[in-house]
Amino acid sequence: MNKKTYLVKVAYLIDLSDEEYKEMGDQLIPELENEMIVGENLKLDWQSSSTILLNSETMNCGKCFKCNSWVTDREKPDHIDELNNGAVVDDRLLCDECLPEDHRWAF
């Protein structure tokens, strides 16, 4: 059987002050090093974990104007794949669930 390797990404968001972030240190990354089983007998082999400080001033991200969830504007470069898709409508950033139904990125 010809098998291929798939990269499975999981993203979490957490709100912390700078002090809380420093106190958490290595504890911030969940212990994913232990193997995880999916389906019947498929093992997920942990490879890496990382944190990114979201900054809407310098990155393609922001909060949805309606529901306040983090979102990336899919119509601009450098979108962040781990965030909800969204776009700007009437000068307001909206997530895929808050976009008008007929919008390309609406969920």
Open item on the list: Please list, in order along the stretch 47-57, the HN-Hα scalar couplings obtained from phi with the Karplus expression 6.51 cos²θ - 1.76 cosθ + 1.60 (θ = phi - 60°), rounded to whole Hz, x for Gly and Pro.
Closed with: 10, 6, 9, 7, 10, 10, 7, 6, 9, 5, 6
TODO: Would you mind getting the accessible area per residue of the chain, heavy atoms of the protein chains only, 1.4 Å probe, in Å²?
DONE: 88
Open item on the list: Given a 1.4 angstrom probe, I'd like the percentage of the accessible area of the chain that is carbon and sulfur, rounded to a whole number.
Closed with: 47
Task: Helix-only mean residue ellipticity at 222 nm for the chain, each DSSP H run of n ≥ 4 adding -39500 (n - 2.57), per residue, nearest 500 - done: -1500 deg cm²/dmol
Task: Segment GLU75-SER17, length gained on full extension (0.36 nm per residue, minus Cα span) - done: 17.8 nm
Task: Cα-based Rg and Dmax for the chain, where Dmax is the largest Cα-Cα distance (Å) - done: 17.4, 52
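The values are calculated or read from the model by the stated rules, or taken from the named source; none is laboratory data. Just so it is clear, the structure is predicted and the values come from calculations on it, not from any experiment. Note: accessible area is taken over every heavy atom of the protein model, side chains too, but ligands, DNA and RNA are not part of it. Shrake-Rupley method; radii C 1.70, N 1.55, O 1.52, S 1.80 Å.
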